[in-house]
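Undergrad: Here it is: the structure, laid out below.
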Amino acid sequence: MVHSAAAAADVLVAGAGPVGLTAAAELRRRGISCRIVDRLPARLPYAKAVGIQPRTLEIWDRMGFVRAALEAAVPMRGQLTYVNGVEQPRLDLVLPPEVPYRFAALPQYETERIIEGFLEGFGTQVERGSELVSFVQDADGVTCRLTTPAGEEEVRTRYLVGCDGAHSVVRKGLGLAFGGGAFPEEYMLADVELDWDLPYGYAVRAMHHDAGGAVDDVLVCIPLPGACRYRVSMGVPPELSTAAPTGADAVVHGLEGGRAPELRHIQAVVDRMSPRPATASSLRWSSVFRISHRLVDRYGRGRVFVAGDAAHIHPPTGAQGMNTGIQDAWNLAWKLALAVEGAGAPGLLASYDAERRPVGEEVVGRTVRQAAEGVQADPEDADTLMMRQAQLLVGYRGSPLVQAADPEGRGAGPRPGDRAPDCGGLSGHIAAYPMRLYDLLRGREHVLLLYGPGPEPDGLAELASVVRDHAPGRVEVCAILAEAGPGAEAGPAAPVPVYRDGRGEFARMYGVREPAAFVVRPDGYLGARLCPPAFSGLASHLSTVFGSGN
């Protein structure tokens, strides 16, 4: 029997992994009604995706629950590499001091627990044991068919977001291509303790090269919370190996059921490959897994979208997959919220594919290269490589949603489409402690940052008027004044928050000396850079984001 839902949701999210939970939490944080379903009856207790990139921590800071993640995670300080038993140069994960967070490791089930708890604070719970089986969309919405513990249910929603993994029902229902291929190798994955005395917070990668230089054996260990605890991966012994599934719809990627490696299988590889004598113990779980590399041909159609593994799968090199999916969800959620409220410009939702698909393409290509050749496959200097691995260089220059680039490239600092960098040393008129720029942005959506000398930035009243006309109630205005100048000790003359760049860090990070204006999007990217502030330029940019009905 099919039951029709009495109340439709604005958005239905299929899949309650880290990506789906992020999408649902961001929607609910903005007051958008949302349901989230997952076919599994309970959260899986597996440490699958464990690497947390600094950019993801910045996202969680903006959302409001980063502290819980920081307290649950362990630091990732670097990697120790061994080739045929010989130690190679140590890789230390070092970032510039203005980056607020470092690399971390956290079991996926803990990531899901934290985001799910945050979501529940908005009165929304994951509907466990409920699965999307089909959908039909029209000009006004999407009709979704679910199987639930109570039977079948028909749900009417305005938008559908597929975060339902590599075997996505949403992707298949849209008829999207998922081009790529599979690696022939099989791997074991396990959560164990290793009683060695290697440095805390360092991953271990031990490889053996055959006479021809090819890798024929490997052991990778990623630290987890707990004493001497690691998620380990390695090749599969012949007794556990099976043929890969075949068929037109076969996507060979992820954990496989029915073949759980035992502790003896793990110990055999540790005995061969560990740089120090070690005993594996306290096996919490294990599995066999395969890896594919695929990318969807578009990230959505009409009112239906895909994100995370439903859109891109690739080797786990550098812990890029889950983090990329979380950014997919964040990019899409703030745009969906504006669309639901009728406040988005006509091309707003189309920008999701324009911005995120190139990112997915780059990540798939880079992880495939690095899986075959190592990190050195990308000939970048060490600092750039580290920033890229941290996902701090992800950007949207050329997006239809950001201001066109200045053809003369005037000035230093970030350009439209770049991540808005953090900085310290900001002070207010009351707080006796220095603040960071991200402290000012937290909890806000679009923000217009005005920079200049004197008691208030040039053109403040006129720029505020542009905001009121083109995005009333949608863009907050903050002023940041130079470290010195007339009126430095006076109170603010304008009815907006005013902060002083006491150490000149904002001016340095943003490459400005003269009056300037920056539009920071909800996802922490620059939508526009106006140096000097231009009323027409601000109006033009806001019109690409916000609809005329504002």
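Undergrad: Run lengths n ≥ 4 of DSSP H only: what is the helix-derived mean residue ellipticity at 222 nm for the chain, with -39500 (n - 2.57) per run over all residues, to the nearest 500?
TA: When only DSSP H runs of four or more count, the value is -8000 deg cm²/dmol.
Undergrad: If you don't mind, there's one more thing I want to ask. Roughly what would the spin-label model give for A260 and K172, points 7 Å off Cα along C-beta, in nm?
TA: Taking the simple label geometry, A260 and K172 are separated by 2.7 nm.
Undergrad: Arrange the residues I115, I430 by how much accessible surface each exposes, largest first, with a 1.4 angstrom probe.
TA: Numbers: I115 0, I430 160 Å².
These residues rank, largest area first, as I430, I115.
Undergrad: Right, something else. Report, to the nearest 10°, how far helix 263-273 tilts away from the longest principal axis of the Cα atoms in the chain, using its own Cα long axis and a range of 0 to 90°.
TA: So the inclination is approximately 80 degrees.
Undergrad: Ranking request for peptides 331-343, 29-41: highest mean number of other beta-carbon atoms within 10 Å first, then the rest in descending order.
TA: Highest mean packing first, the order is 331-343, 29-41.
Undergrad: Helix 460-470: angle to the longest alpha-carbon principal axis of the chain, degrees 0 to 90, nearest 10?
TA: Helix 460-470 sits roughly 60 degrees off the main axis of the chain.
Undergrad: Here's another thing I want to ask about it. Output the 0 to 90 degree angle, nearest 10, between the alpha-carbon long axis of helix 18-29 and the longest principal axis computed from the alpha carbons of the chain.
TA: Taking the Cα atoms of the chain, the angle to 18-29 is about 30 degrees.
Undergrad: Can you tell me the FRET efficiency between D138 and R397 if r is taken as the Cβ-Cβ distance and R0 is 51 Å, rounded to the nearest 0.05?
TA: E between D138 and R397, to the nearest 0.05, is 0.90.
Undergrad: Sticking with this structure for a sec: Rg(Cα) of the chain divided by 2.2 N^0.38 Å?
TA: Normalised Rg, Cα atoms only: 1.02.
Undergrad: Rounded to the nearest 10 Å², what accessible area does L91 have for a 1.4 Å probe in the complete protein model?
TA: The value for L91 is about 70 Å².
Undergrad: Below 13 angstrom from the Cβ of P316, what's the summed charge of the other residues (Lys, Arg +1; Asp, Glu -1)?
TA: Within the 13 Å Cβ shell, the charges total +3.
Undergrad: Follow-up. With the other protein chains left in place, how much accessible area per residue, in square angstrom, belongs to the chain at a 1.4 angstrom probe? Before the final figure, lay out the partial values.
TA: On the way: 22470 Å² over 550 residues.
That works out to 41 Å² per residue.
Undergrad: Rank these by accessible area, largest first, 1.4 Å probe: T384, T367.
TA: From most exposed to least exposed: T384, T367.
Undergrad: While we're here: Say a paramagnetic label sat at a point 7 Å from the Cα of T279, along Cα to Cβ; which residues of the stretch 163-197 have their backbone N under 18 Å from it?
TA: The answer is 192-197.
Undergrad: Give, as a single signed number, the net charge of other residues whose beta carbon lies under 15 Å from the beta carbon of D140, with Lys and Arg counted +1 and Asp and Glu -1. List each step's numbers first, then the result.
TA: Numbers: positive: R156, R158, R303; negative: D10, D138.
Net of charged neighbours comes to +1.
Undergrad: When the accessible area of the stretch 115-175 is split by element with a 1.4 Å probe, what percent falls to carbon and sulfur?
TA: Reported share for carbon and sulfur atoms: 48 percent.
Undergrad: Could I ask something else about it? Could you grab the relative contact order for the stretch 121-165? Cα pairs under 8 Å, six or more apart, rounded to a whole percent. Please report the intermediate quantities before stating the final value.
TA: Values: 55 pairs, mean separation 12.5, N = 45.
Across the stretch 121-165, relative contact order equals 28 percent.
Undergrad: Excluding A333 itself, calculate the net charge of residues whose Cβ lies under 10 Å from the Cβ of A333, where each Lys or Arg counts +1 and each Asp or Glu counts -1.
TA: +1
Undergrad: Using alpha-carbon pairs under 8 Å, 6+ residues apart, how would you state the relative contact order of the chain in percent?
TA: Relative CO of the chain lands at 14 percent.
Undergrad: On to the next question. Extension gain A431-E361, at 0.36 nm per residue separation less the Cα-Cα distance, in nm? Walk me through the numbers on the way to the answer.
TA: Numbers: separation 70, 0.36 × 70 = 25.20 nm, distance 4.47 nm.
Value of the extension gain: 20.7 nm.
The values are calculated or read from the model by the stated rules, or taken from the named source; none is laboratory data. If you're wondering where the values come from, they're calculated on a predicted model, not measured in any experiment. Note that each Cβ is placed from the backbone with ideal geometry, even for glycine, and that neighbours are counted across all protein chains shown. We work out accessible area using only protein heavy atoms, side chains counted, and drop any ligands, DNA or RNA first. Shrake-Rupley method; radii C 1.70, N 1.55, O 1.52, S 1.80 Å.
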